[in-house]
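Structure first, then comments.
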Amino acid sequence: MSCWVRRFARSAPEPRYAPPVVGSVIALLLSAFVTGALARFAVPGPDPMPAWLTVVIGLAGSLIGWGIVLAAVGPNASWVGIASFLAAIVLVVLYRRFVQKRALWGPDAYRFPERGVGVREYRDRLQRAGIDPDRIGVQLTGPPSGNGQHFGSGREPQGDDATGAGDPTDNPAYYLGLLEQLHDSGVLEDGEYDAARLRLLERLRS
């Protein structure tokens, strides 16, 4: 009986991934996300993209930076972080220029993009929050009105907007939460978020 037990124990499959390996992968993904997010913030203007694309940019920037440092000065860890960050910034710039087809500087750089991975979903969420994405970076909101227009959009809701958005004053908690979510994800800058939130609160008090 003990012989069969020992034979079964030897034939039992080993864990596919050891805990240290899993921890290293998680640390690598977190580091890549931070690198990609910092690179996005370093480039002026909004760059909305899903979290996985931020991780991809961070990973690619880290690999490129590591390769450059290895070829230039050898395995010097003190330079890898800086080179990875700069390489990730270059990737964000290339993504904006050739995928989003947007300006890299000047007033047009602060306009909300029309192209890119996940941009359509972000634009839909902004419209549900009552914000016209085409006015971000130019003039966030128009004068408030009580005739059923989108909050801050300056136009009548049509199609899906008419059924999915509604008047923000009918459900202010939802719209405040949506504005905060858009602000936290980097779609709305601080001034844009504060202006939209203040205008909604003013409409609630009126």
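What follows is calculated from the coordinates using simple rules that are stated; it is not laboratory data. Note that the structure is predicted; figures quoted are calculated from it, not measured. All Cβ positions, glycine included, derive from the backbone under ideal geometry; neighbour counts span all protein chains shown.
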Once fully extended, how much extra length lies between residue 25 and residue 190, figured as 0.36 nm per residue of separation less the alpha-carbon to alpha-carbon distance?
56.1 nm
Once both label points are put 7 Å beyond Cα along the C-beta direction, the residue 93-residue 198 separation in nm becomes 3.4 nm
